[in-house]
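Encoded as structure tokens, the structure appears first; notes follow it.
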Amino acid sequence: MGFARPHWLLFCLMLALTPLAPASGQFGSLFGTSSKVPTIKVEELSKLLEQQQQAEEKAKQEGQPVPEPNFVVVDVRSEPEVNVSVIPGAITKKAYEENRDDYAGRVVIPYCTIGGRSGRYAQQLADSDVPVKNFKGSILEWVNHQLPLVTLEGKPTNRVHIYSDRYKIPEKYEAVTK
């Protein structure tokens, strides 16, 4: 028994000094998302939104109907969060759910603050056979790339809801925690 005690103490010391993985990594699909939901990176999403904006501007200049995108960006955050800002072109989860048939066949790209809530929603959509890609880095990844934000009315803003000061954002943005 005397031999086992030092090993136990060494194990406890190593465990205490080992950095923990994020909760989703520790608990896997119990609290996080399943690996079967594809993700989209900030560069891909930014490019999709830019291409759609260019197509809309071109159609307007030529007097043509505005083309419908083959995707829809859905902000799954709470009402107080989306009232601060959203990614340009995004709609709220409530708006998506109320008009789901209008978006049939489009790839749904949900996002939240860091990707947990959007991952769970993406999994629900995938389980219902809705084409979906989770924006895993979500709005914090978006602002870390210093991309634009807008209000729900479409007006530019640099305000972003971050819940807590533990999240660091570039200086050009105003952090909102309440």
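Summary of computed values
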read-out: Whole-percent carbon and sulfur share, accessible surface of segment 27-178, 1.4 Å; value: 48 percent
read-out: Length-normalised contact order for segment 67-178 - Cα pairs under 8 Å, 6+ apart - percent; value: 26 percent
read-out: Listed residue pairs exceeding 21 Å between alpha carbons, taken from Lys41/Lys94; Lys41/Lys155; Lys94/Lys133; Lys41/Lys168; Lys136/Lys168; value: Lys41/Lys94; Lys41/Lys155
read-out: Evaluated at q = 0.15, 0.22 Å⁻¹: base-10 log I(q)/I(0), Debye formula over Cα of segment 29-130; value: -0.66, -1.28
read-out: Simple Cβ-charge dipole of segment 80-178, Lys/Arg +1 and Asp/Glu -1, about Cα centre, in debye nearest 20; value: 280 debye
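The values are calculated or read from the model by the stated rules, or taken from the named source; none is laboratory data. Just so it is clear, the model here is predicted, and its values are computed rather than measured. Here the Cβ is made from the backbone with ideal geometry for all residues, glycine too, and neighbour counts use every protein chain on show. The area values use the complete protein model at the heavy-atom level, side chains included, leaving out ligands, DNA and RNA. Shrake-Rupley method; radii C 1.70, N 1.55, O 1.52, S 1.80 Å.
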